[in-house]
Amino acid sequence: MHFQNELKLLLMSQYSLLYIVTDEEERLEYTINQVIENDCNNFIYSWDFIDGYNNNPNYIEKANRSPLEALEFIETLDTLTSKIFILKDFHVFMNDIAIIRKLKNISKKLKIINSHIIICAPEVRIPFLLQNVITVLEFPLPNVKEIQLELKRLFKLMSIDSSKYSQSLSFAYKGFSIARIRRSIAKFVSSQKSLDDITDYILEEKKQLIQQTDILEFYHCDNKLEDIGGLINLKEWLKKRSKAFSQQAQNYGLPSPKGILLVGIQGTGKSLSAKVISQQWKVPLLRLDIGKIFAGIVGESEERMRQMIKLSEQSAPCILWIDEIDKAFSRLSNNTDSGTTNRVLSSFLTWLSEKETQVFIVATANNILSLPTELLRKGRFDEIFFLDLPNQEERVKIFQIHLMRVRPLTWKSFNSQHLSELTHGFSGAEIKQSIIEAMHNAFYEEREFNTNDIVSVITEFIPLAFTDQSSVTALQEWAKLGKIRLASKV
């Protein structure tokens, strides 16, 4: 409804050149017709490159394969009635100087006769010379109510009673276009499966939607909160928000959580924590390779950031995992790329602050001191947690978790207490590696491994806390200043 009101306002205010971003041409035309039918007195002319003007019997195939002629045709029509000209995929022709000049000339005449050109395109691609005369609008994907009406119509046509699943399906299909919903339902019905299986089917459809791009990765995870040793404060915080995306939470008046930033020493469980949130909250996990945002062509990085935001919002509710965000937005990189990093960061920060969709950001960083201060300001993330090296109690739990995984029947025979005492300064990842190394040694000697094998590995192991002591100490000292919440109990 917001889009319809905005479009109506622009039409009434004589905005002559509109650029609407969408790939749902059929639904856009239907929406424009609704606006015109209810509030305006306009005739609609629709043009595409192959068929020319095709919705008026007097002008069938007029200006086909000729974008310049399509504009010239607009000038020839009478000025007695207001008109709307929908030009599909016209953005691909707008770098031609003849098209640019023609659009500029025509815009003046359109204002006089109260007519409008609407360029329908799946992406924003406006030449600099036209930026002052074109107004851009984003055509949103269907909301829950629109999806519900479409599903009701589809299932009625198929004589299927879907009343039991109406609300859940409407939320599950959020982020899909109407055309994609129709194809999805048709495919599901053809598979002759029960409606009880449709939620898993929709999740698979969302996975395919994500895989069509090379920006986001649909990440499957089987880990649970119990697989993390320690980090009690972080786990309690996550448990309290496990139903934050539910309808009950919305009815209660709770705003959707924005996200968390996990900062800490390498190997302390930042990435694992990001994965388990998806399992704990029962929502899909999308992983962003932040390096893929930064492309070589000028302007493409910003466009990729917009695509990433759009894709993640289409998949909401979801977890968006951004690993090692400090490597992308390091303060040092801002001066070496003609401002690209600054522009991408600005878009990202604006989204973090203003987003209302159920996309929970989980960003991880090894070195918070290299991150721009704007990213750490209150309001960007709900909380910033520091993951320190595990204390002795946590190390016992970490040994037990990994030993239970590789020796579910005999893990109690290992002296986890003694091993934890020997591994002061070890990260969780280094503890896991010491067990794996001990297993390799014993396997080579064709015998079962034991506590002594792990002890032997530990005595020769040099953890990161020793090899990069200055960086680790600096991070720990910064965390003690109280500017960040500790993930573990002190």
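Values in this text are rule-based calculations from the coordinates and carry no lab data. Fair warning: this is a prediction, and the values are worked out from it, not measured in the lab. Here the Cβ positions follow ideal geometry from the backbone for every residue, glycine too, while neighbour counts run over all protein chains shown.
Of note:
- Shown is the FRET efficiency for residue 109 and residue 342, computed with R0 = 56 Å from the Cβ-Cβ distance and rounded to the nearest 0.05: 0.90.
- Once the Cβ-Cβ distance of residue 376 and residue 59 is raised to the sixth power relative to R0 = 51 Å, the FRET efficiency obtained is 0.30.
- Taking other residues whose beta carbon is less than 9 angstrom from the beta carbon of residue 215, and scoring Lys, Arg as +1 and Asp, Glu as -1, yields -1.
- With a Förster radius of 56 Å applied to the beta-carbon distance between residue 250 and residue 446, the computed FRET efficiency rounds to 0.40.
- Using only side-chain charges placed at the Cβ, +1 for Lys and Arg and -1 for Asp and Glu, the dipole size of segment 219-386 relative to its Cα centre rounds to 360 debye.
- Within a straight-line Cα-Cα reach of under 17 Å, residue 108 can be paired with the following aspartates and glutamates, leaving aside sequence neighbours fewer than 8 residues apart in one chain: 72, 75, 78.
- Cβ-to-Cβ counts within 10 Å put 245, 93 in ascending order as 93, 245, the fewest first.
- Among 147, 165, 185 - extreme Cα towards positive end, dipole of segment 144-212, charges at beta-carbon: 147
- For the pair residue 72 and residue 144, label points projected 7 Å from Cα toward Cβ lie 5.3 nm apart.
- The chain - convex hull of the alpha-carbon atoms, volume per residue in Å³: 205 Å³
- Burial ranking of peptide ranges 72-78, 141-147 (average Cβ count within 10 Å, highest at the top): 141-147, 72-78
- Bins of 5 Å from zero: percent of alpha-carbon pairs in segment 392-467: 3, 17, 31, 28, 15, 5, 2, 0
- Between residue 123 and residue 418, the simple label model (points 7 Å from Cα in the Cβ direction) yields a spacing of 6.2 nm.
- Between segment 138-199 and segment 60-84, the Cα center-to-center distance that results, in Å: 38 Å
- Lys, Arg +1 and Asp, Glu -1 on Cβ, resulting dipole of the chain about Cα centre, debye, nearest 20: 1200 debye
- Counting neighbouring Cβ atoms within 10 Å and putting the fewest first, the residues 12, 404, 94 line up as 12, 404, 94.
- Mean separation of Cα contacts under 8 Å, 6 or more apart, over the residue count of the chain: relative contact order %: 13 percent
- Long-range Cα-Cα pairs in segment 406-447 (distance over 17 Å), rounded percent: 39 percent
- Put in order of Cβ neighbour count within 10 Å, fewest first, the listed residues 423, 451 become 451, 423.
- Modelled spin-label separation between residue 469 and residue 195, with each label point placed 7 Å from Cα along the Cα-to-Cβ direction: 6.7 nm.
- Degrees, to the nearest 10: 144-157 long Cα axis against longest axis of the chain: 70 degrees
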